[in-house]
1. List every residue pair whose Cβ atoms sit under 9 Å apart, with the two residues 6 or more apart in sequence or on different chains, where the first one lies in the range 132-145 and is under 14 Å from Arg74 (Cα atoms) and outside the structural domain of Lys280 (by TED's automatic domain parsing) and the second, anywhere, is outside any helix (DSSP H, G or I) and at pLDDT 85 or above.
2. In the range 158-184, how many are surrounded by 20 or more Cβ atoms within 10 Å (Cβ to Cβ) and not in a helix (DSSP H, G or I)?
3. For Thr82, are the conditions met, namely being touching a residue at least 60 places away in the same chain (Cβ under 8 Å) and either acidic (Asp, Glu) or surrounded by fewer than 19 Cβ atoms within 10 Å (Cβ to Cβ) (or both)?
4. May I ask you to say which residue of Met63, Met112 is out of contact with any helix residue (DSSP H, G or I) (no Cβ under 7 Å at 6 or more places or on another chain), among the aliphatic types (A, V, I, L, M) and either modelled with pLDDT of 95 or more or within 30 Å of Ile282 (Cβ to Cβ) (or both)?
5. Run down Gly92, Gly107 and say which single residue is out of contact with any helix residue (DSSP H, G or I) (no Cβ under 8 Å at 6 or more places or on another chain), assigned by TED's automatic domain parsing to the domain that holds Thr35 and either assigned to a strand (DSSP E or B) or modelled with pLDDT of 90 or more (or both).
6. Quick check on the range 135-157: of everything there that is more than 22 Å from the chain's Cα centre (by Cα) and modelled with pLDDT under 95, which residue is surrounded by the most Cβ atoms within 10 Å (Cβ to Cβ)?
7. For the range 308-366, which helices (runs of 4 or more DSSP H) that fit wholly inside it have 3 or more residues that are of a type outside the set (A, V, I, L, M) and crowded, with 20+ Cβ neighbours inside 10 Å?
8. Mind listing just one residue for me: the one in the range 192-223 that is surrounded by 18 or more Cβ atoms within 10 Å (Cβ to Cβ) and among the polar types (S, T, N, Q) and, of those, nearest to Ala351 (Cα to Cα)?
Amino acid sequence: MTRPTMLIISFSPIASDARVLKQVRGFADRYRVTTCGFGPQPDPRVEHIELGQAHPGQARRLMDEALVRIGWYRAAYWAGPTTRAARAALRGRRFDVVIANDLDTAGVAVAMFGGGRVHSDLHEYWPQLHGENPRWMAHRSKLYAWLLRAYVRRAASVTTVSARIAEEYQRVYGIRAAVVTNASPARDLSIGEVSAPLRLVYSGAGDGERGLESLVVAAARTTTPVSLDLYLVSATPEYLAELQRLIDDEGAPARICAPLPYERLVPTLNTYDVGVYQPKPINLNHAYALPNKVFDFVQARLALVIGPAEEMARIVREHRLGVVTEDFSTESLTRALDGLSPEQVRGFKAASDRASAALSSQVQQQGWERAVHAIAQERV
């Protein structure tokens with residue numbers, strides 16, 4: 001029997017985009033998959049259409065802002081260099097199912113292949129992607145709101161990353177989105193012995209929005225003996241230098257580590273004791289975040305110490321995975337670390353082990369599988 005054809009499109013480097021990679025690997029054996037995005041082929045089983053990564057100049061950005069300001073959203077979207085490149089590369093192609101990742105691909109997918117073939121996977125709440133920035137809200141937010149109304153509403157099905165973000169899409173735009181979390185693939189790893197001092201770890205983006213300064217200061221000031229390793233991606237040299245100065249000034253038992261390939265990340269995390277994360281709730285996406293690092297920590301069988309972001313806190317409390325700080329301050333994080341004992345950490349690590357199957361991507365991806373199967377049944 002001929003396998004249905006599938007396009008997975010993402011304006012990202014797919015080979016290093018953890019969420020999109022799960023789709024590629026999950027469907028490559030059952031569908032004839034073509035990927036379209038930046039960077040090299042993400043999997044040898046798929047055909048790949050590589051897009052050049054555009055870097056719009058100042059003139060292009062000003063034109064884009066002008067088009068949005070006068071309400072010419074369609075012109076602003078279709079004039080974008082990546083949108084134009086994708087449309088040219090996909091012209092004349094046919095697919096039974098299209099998974100459009102993030103909002104910026106939804107217009108290409110729906111306009112070129114028809115909404116009935118498209119599943120839209122929204123990784124964030126796009127109208128407030130940078131809600132802390134008034135200029136961004138006056139410009140990009142309006143364009144993204146139009147894309148949701150013009151294209152995502154026409155998609156056969158929609159998913160997003162957390163229940164609260166799904167509620168916002170329903171409340172504001174009438175878009176019903178199922179939830180597929182950024183869960184990590186199940187790993188058969190053992191529960192490591194608790195170290196002395198406790199080994200703390202953070203893995204993820206390196207910028208001022210992630211609360212990394214609080215992690216460093218809390219590690220320096222807690223009465224619990226700890227060390228802290230920071231595996232940072234997408235960090236500028238300027239930010240890394242600034243963070244290193246803070247480590248030196250505080251005399252913190254912390255070090256900045258080179259980022260790891262995704263295949264090595266969870267096994268490396270397994271050598272630690274506690275995963276820490278306290279992002280600042282600067283916008284709706286941060287406030288309702290449920291990032292992949294939480295699930296990486298669980299698969300690594302770590303205890304968790306996190307800030308009280310609603311969705312993360314719910315997971316940690318429901319499965320008794322660790323400690324939720326009282327608020328988003330450095331002082332509350334320091335108190336949380338002060339209260340950690342080796343016995344508690346051992347218990348939290350055991351809880352992560354018990355929850356690892358239920359919180360794995362193999363369970364979560366059933367949401368994509370149901371949506372895609374429903375589309376394919378209509379087309380094949």
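1. Here the result reads Lys142/Gly71, each pair linking the range 132-145 to a residue that is outside any helix (DSSP H, G or I) and at pLDDT 85 or above.
2. So the count comes out to 11.
3. Values: touching a residue at least 60 places away in the same chain (Cβ under 8 Å): yes; either acidic (Asp, Glu) or surrounded by fewer than 19 Cβ atoms within 10 Å (Cβ to Cβ) (or both): yes.
In short, yes.
4. Values: Met112 fails: out of contact with any helix residue (DSSP H, G or I) (no Cβ under 7 Å at 6 or more places or on another chain).
So the residue among Met63, Met112 that is out of contact with any helix residue (DSSP H, G or I) (no Cβ under 7 Å at 6 or more places or on another chain), among the aliphatic types (A, V, I, L, M) and either modelled with pLDDT of 95 or more or within 30 Å of Ile282 (Cβ to Cβ) (or both) is Met63.
5. On the way: Gly107 fails: out of contact with any helix residue (DSSP H, G or I) (no Cβ under 8 Å at 6 or more places or on another chain).
That would be Gly92, the only listed residue that is out of contact with any helix residue (DSSP H, G or I) (no Cβ under 8 Å at 6 or more places or on another chain), assigned by TED's automatic domain parsing to the domain that holds Thr35 and either assigned to a strand (DSSP E or B) or modelled with pLDDT of 90 or more (or both).
6. If we take residues in the range 135-157 being more than 22 Å from the chain's Cα centre (by Cα) and modelled with pLDDT under 95, then His139 is surrounded by the most Cβ atoms within 10 Å (Cβ to Cβ).
7. On the way: elements: 310-319, 330-338, 342-355, 361-364.
Helices (runs of 4 or more DSSP H) meeting the threshold: 342-355.
8. Ser203
The values are calculated or read from the model by the stated rules, or taken from the named source; none is laboratory data. Not measured: the values here are computed from a predicted model. All Cβ positions, glycine included, derive from the backbone under ideal geometry; neighbour counts span all protein chains shown.
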